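One structure is given below, encoded as structure tokens.
The values are calculated or read from the model by the stated rules, or taken from the named source; none is laboratory data. Remember, predicted model here, so these are calculated numbers, not experimental data. Cβ: placed from backbone, ideal geometry, glycine included. Neighbour counts: every protein chain shown. Surface areas here come from the heavy atoms of the whole protein model, side chains and all, with no ligands, DNA or RNA. Shrake-Rupley method; radii C 1.70, N 1.55, O 1.52, S 1.80 Å.
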Amino acid sequence: MLIRIGNIADHVGESVKLGVWLYNKRSSGKIQFLQLRDGTGFIQGVLVKSQVAPEVWERAKELTQESSLYVQGTVRRDERAPSGYELDVEDIEIIQIADEYPIALKKHGVDFLMDHRHLWIRSPRQRSILKIRAEIIRAIQEWLDGQGFTLVDPPVLTPSACEGTTTLFSTDYFDEEAYLTQSGQLYMEAAAMALGRVYSFGPTFRAEKSKTRRHLTEFWMVEPEMAFTEHDESLRIQEQLVSHVVQHVLESCQEELKAIDRDITPLERVKPPFPRITYDEAVELLNREGMPFEWGEDFGAPHETKIAESFEKPVFITHYPAKVKAFYMKPDPSRPEVVLCADLIAPEGYGEIIGGSQRIDDPKLLEQRFAEHQLPRDAYEWYLDLRRYGTVPHSGFGLGLERTVAWICGLDHVRETIPFPRMMNRLYP
RNA sequence: UCCUCCGUAGCUCAAUGGUAGAGCGCCCGGCUGUUAACCGGUAGGUUGCAGGUUCGAGUCCUGCCGGAGGAGCCA
């Protein structure tokens with residue numbers, strides 16, 4: 001039976017068999033060091049010429065980078081090894097001698113690495129990031145499930161835009177045009193009226209010609225939607241969710257965070273409550289900090305970074321002007337020119353990771369908004385129905401997974417947070 | 001869509017308008033504790049494409065193609 005490197009500590013002193021790839025090899029005339037990986041970890045295999053069969057020694061010499069093999073050896077504790085363990089190799093069964101591997105253990109350019117993304121993800125750094133991504137997903141679902149949320153899957157193919165502003169990917173749907181979803185939110189509002197507290201987790205598509213470190217054309221969002229929930233309670237849920245995710249990663253991904261060299265001190269501070277400032281206060285802050293900004297505009301990336309610099313934790317910016325936000329957001333009853341919404345801005349310049357709001361529950365007002373935004377009413381009759389048949393106060397938000405992963409991992413681009421990123425100039429591999 | 005920058009060996013990069021080079025990788029040889037090992041050697045080129053200026057262009061000019069960073073928009 002094969003043992004996995006991740007469990008190697010349980011087999012000290014035993015002779016075990018591993019299925020591995022050769023990550024790297026160093027050799028002298030009479031000793032060879034094989035850097036082996038199996039997806040769960042790395043371990044160094046040691047062969048001393050005088051202590052192994054001649055044919056095993058020769059097989060080890062043949063191995064090239066990323067060759068696949070079964071290796072039999074005895075596990076030994078060794079203080080010199082980065083992982084604390086080494087394998088004294090006794091036998092080698094070659095599965096394949098790999099062709100010359102394109103990715104050297106040296107610096108490469110972004111374009112070259114992206115062209116070889118299918119191989120790049122084997123590297124320790126990329127492997128660690130994908131592992132952290134998986135733990136972030138686990139933490140999100142674990143927390144929401146524990147709070148009584150039900151997972152509901154909205155459609156990916158949709159008949160028309162949810163918000164109508166951004167560019168959509170279109171596709172043939174028999175005799176009509178369909179679009180890939182840019183948000184499941186409206187469907188999740190329907191689901192919340194059926195199940196109370198719900199969330200979706202899935203891919204989202206935006207055909208925007210954005211070329212920045214924060215943009216992908218295909219990315220994953222978590223979109224909770226909550227019936228009988230007002231804006232303030234939604235913010236409390238958001239800060240608890242984000243804090244749980246960060247603390248879970250700190251506990252369960254210590255090795256990976258170390259492997260990618262993430263400074264975890266800013267992450268350790270991420271606990272509720274998060275600071276809240278209004279849009280008005282944010283505008284004041286920007287002007288005070290020497291970044292002139294006019295009330296009524298929407299913030300750009302440099303503004304978000306400047307605001308975030310004033311806080312040690314993620315910060316909520318609330319009560320934006322209605323005209324810069326989506327049509328479905330509920331106006332503040334005491335001040336109808338602003339809406340009950342909040343963007344959560346991550347620290348360290350990572351920008352917006354959550355956008356959320358309380359939704360309009362009054363059917364008359366929602367119809368008025370449809371008219372103001374010149375939205376096709378017939379396509380949204382079903383959405384208006386939600387307000388006609390037992391409307392309730394409800395709120396929801398969308399959390400961008402890749403931006404959250406980039407922030408927690410401390411990456412300078414979201415393209416490393418997803419196995420196969422889709423961007424304006426990238427559809428391969 | 002706009003702004004800025006970059007395209008030279010498999011990879012990362014040098015080369016004042018004057019003989020296209022280095023390091024790494026591959027291959028060969030050496031080395032009994034290597035950590036991106038090290039040491040010696042071999043091979044490796046239509047300088048992104050098309051024009052132009054010049055005695056002479058990797059280098060200067062124009063256009064195109066590809067890429068990167070940013071803006072707008074958003075998560």
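So what does the Cα-only Debye profile of the stretch A:30-127 read at q = 0.19 Å⁻¹, as log10 I(q)/I(0), no solvent term?
The computed values of log10 I(q)/I(0) come out as -1.00.
Can you tell me the accessible area per residue over the stretch A:221-271, all protein chains present, probe 1.4 angstrom, in square angstrom?
Accessible area per residue: 45 Å².
Heavy atoms only, probe 1.4 Å: what % of the accessible area of chain A goes to carbon and sulfur, would you let me know?
Answer for chain A is 50 percent, counting heavy atoms of protein chains only.
Using a 1.4 Å probe, how large is the accessible area of residue A:328, given in Å² and rounded to the nearest 10?
Per-residue accessible area (residue A:328): approximately 10 Å².
Ignoring everything except DSSP H segments at least 4 long, calculate the 222 nm mean residue ellipticity for chain A; use -39,500 (n - 2.57) per segment, divide by total residues, nearest 500.
Theoretical 222 nm ellipticity from helices: -9000 deg cm²/dmol.
Relative contact order for the stretch A:180-336 using alpha-carbon pairs under 8 Å, separation at least 6, rounded to a whole percent?
Computed value for the stretch A:180-336: 17 percent relative contact order.
With the dipole of the stretch A:117-416 worked out from charges on the C-beta (+1 for Lys and Arg, -1 for Asp and Glu) around the Cα centre, which of A:123, A:235, A:393 lies farthest toward the positive end?
Farthest towards the positive pole: A:123.
Which value, in debye to the nearest 20, describes the size of the charge dipole of the stretch A:35-113 about its Cα centre when Lys and Arg Cβ atoms bear +1, Asp and Glu Cβ atoms bear -1, and nothing else is charged?
Roughly 340 debye for the stretch A:35-113.
How many percent of all Cα-Cα pairs in chain A sit more than 36 Å apart?
For chain A, the fraction of Cα-Cα distances above 36 Å is 39 percent.
Once the Cα atoms of helix A:279-288 and of chain A are each reduced to a long axis, what angle between those two axes, in degrees from 0 to 90 to the nearest 10, is obtained?
The angle comes out at about 70 degrees.
Calculate one ³J(HN,Hα) per residue across the stretch A:69-76 by plugging θ = phi - 60° into the Karplus curve 6.51 cos²θ - 1.76 cosθ + 1.60, and present them in order as whole Hz with x for glycine and proline.
7, 9, 10, 10, x, 9, 6, 9
Have a look at A:355, A:366, A:342 and report the one farthest towards the positive end of the charge dipole of the stretch A:312-407, computed about the Cα centre with Cβ charges (Lys/Arg +1, Asp/Glu -1).
So the residue we want is A:366.
In sequence order, what are the phi-derived ³J(HN,Hα) couplings for the stretch A:364-370 according to the Karplus relation 6.51 cos²θ - 1.76 cosθ + 1.60 with θ = phi - 60°, rounded to whole Hz, with x for glycine and proline?
Once θ is set to phi - 60°, the couplings for the stretch A:364-370 become 4, 5, 5, 4, 4, 5, 4 Hz.
Quick check for me: using +1 on Lys/Arg Cβ and -1 on Asp/Glu Cβ, what's the dipole size of chain A about its Cα centre, in debye to the nearest 20?
It works out to roughly 1200 debye.
Find, among the chymotrypsin sites (Phe, Trp or Tyr not before Pro) in the stretch A:368-399, those assigned to loop by DSSP (not H, G, I, E, B) with at most 11 other beta-carbon atoms within 10 angstrom.
Loop-located and lightly packed - A:389.
From the phi of every residue in the stretch A:400-413, what ³J(HN,Hα) in whole Hz does the Karplus formula 6.51 cos²θ - 1.76 cosθ + 1.60 yield, where θ is phi - 60° and glycine or proline is x?
With the stated coefficients, the stretch A:400-413 comes to x, 5, 5, 5, 5, 5, 4, 5, 5, 7, x, 8, 9, 7 Hz.
Taking the stretch A:150-290 on its own, what percent of its Cα-Cα pair distances exceed 24 Å?
Cα-Cα pairs in the stretch A:150-290 separated by more than 24 Å: 55 percent.
What does the accessible area of residue A:295 come to, in Å² to the nearest 10, when a probe of 1.4 Å is used?
For residue A:295, the solvent-accessible surface is approximately 110 Å².
Going by alpha carbons, how many degrees (0 to 90, nearest 10) lie between the helix axis of A:231-252 and the longest principal axis of chain A?
Helix A:231-252 and the main axis of chain A meet at about 0 degrees.
Size of the dipole of the stretch A:164-279 about the Cα centre, Lys and Arg at +1 and Asp and Glu at -1 on the beta carbon, nothing else charged, in debye to 20?
Charge dipole, the stretch A:164-279, about its Cα centre: 560 debye, nearest 20.
Compare the Cα positions of A:333, A:383, A:246 along the charge dipole of chain A (+1 at Cβ of Lys, Arg; -1 at Cβ of Asp, Glu; about the Cα centre) and return the one farthest towards the positive end.
Working it through, the farthest residue towards the positive pole turns out to be A:246.
Just read off the accessible area of residue A:255 with the full protein assembly in place, 1.4 Å probe, to the nearest 10 Å².
That residue has around 140 Å² of solvent-accessible surface.
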